[in-house]
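Below: one structure, written as structure tokens.
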Amino acid sequence: MNRWVIFLLGPFALSAPVELRAQTLMAVGESAVLDFAGTLPGPSYSAPEADDIYLVVSVSERRLTVRRGREILHRFPVGVGTGAYLRRQDASGAWQFDTPEGVFTIGRKKENPVWYAPDWHYIEKGLSVPPAYSPQRYFAGALGDYALYLGDDIAIHGTRDAKSVGRASTHGCLRLSNEAIATVFSLVGVGTKVIITS
């Protein structure tokens, strides 16, 4: 058996044979690589079953689709990363505000989330950066009523700014209208797959 299998991400990629399940999956653009030898870093991948709900995000189309197998349950416009570049104050690097592509898993769900503002928020506004756990870093309501966390730095969430939905308007997160995130939040659980493509 070959060590690598490359296939295009999309509705047909989700019908991976049972022997491919629980292998490491690494996304490369719109392709994915399955590592049969188990030598690539990354979480193990298990494709959604035919009756599982999962999310597909097209960054270029700025659209989030809720699917069950091949059936489309909902489509919503989504705000994505601006692609902007911001240098760190100490010149030790920079931030690139792109929405990452790949296969993610919802790690936690939060109602009435509070946003913790990273250093870039202050640098971007020309403000001094407060200490790590300062109360100045916490903003209630900035993420809308619901958030689905895909990692420490990325979430699917609501917004106070409805005009930003469907545009390149974020620092990498996926921004839905408050009505849309309420619908998605009610349909998915921890462990739901999220496939983000260009």
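A Cα-only calculation for the stretch 121-198 places Rg and Dmax at 14.0, 40 Å. A straight line joining the Cα centroids of the stretch 121-151 and the stretch 50-65 runs 27 Å. The HN-Hα couplings worked out from phi for the stretch 161-177 by the Karplus form 6.51 cos²θ - 1.76 cosθ + 1.60 (θ = phi - 60°) are 10, 4, 5, 7, 6, x, 10, 7, 9, 10, 9, x, 5, 10, 10, 10, 5 Hz, whole numbers, x standing for Gly and Pro. Computed log10 I(q)/I(0) for the stretch 45-190 at 0.18, 0.20 Å⁻¹: -1.09, -1.30, from the Debye equation with unit scatterers placed on every C-alpha and solvent omitted. Placing one equal scatterer on every Cα of the stretch 46-116 and applying the Debye formula, the log10 ratio I(q)/I(0) at q = 0.11, 0.28 Å⁻¹ is -0.43, -1.26. The GluC sites (Glu not before Pro) found in the stretch 51-124 that occupy coil by DSSP, while having at most 15 further C-beta atoms within 10 Å, are 61.
Throughout, read-outs are computed from the coordinates displayed, never taken from laboratory work. Quantities reported herein were computed from a predicted structural model and do not represent experimental measurements. Cβ coordinates were reconstructed from backbone atoms using ideal geometry, including for glycine residues, and neighbour counts include every protein chain displayed.
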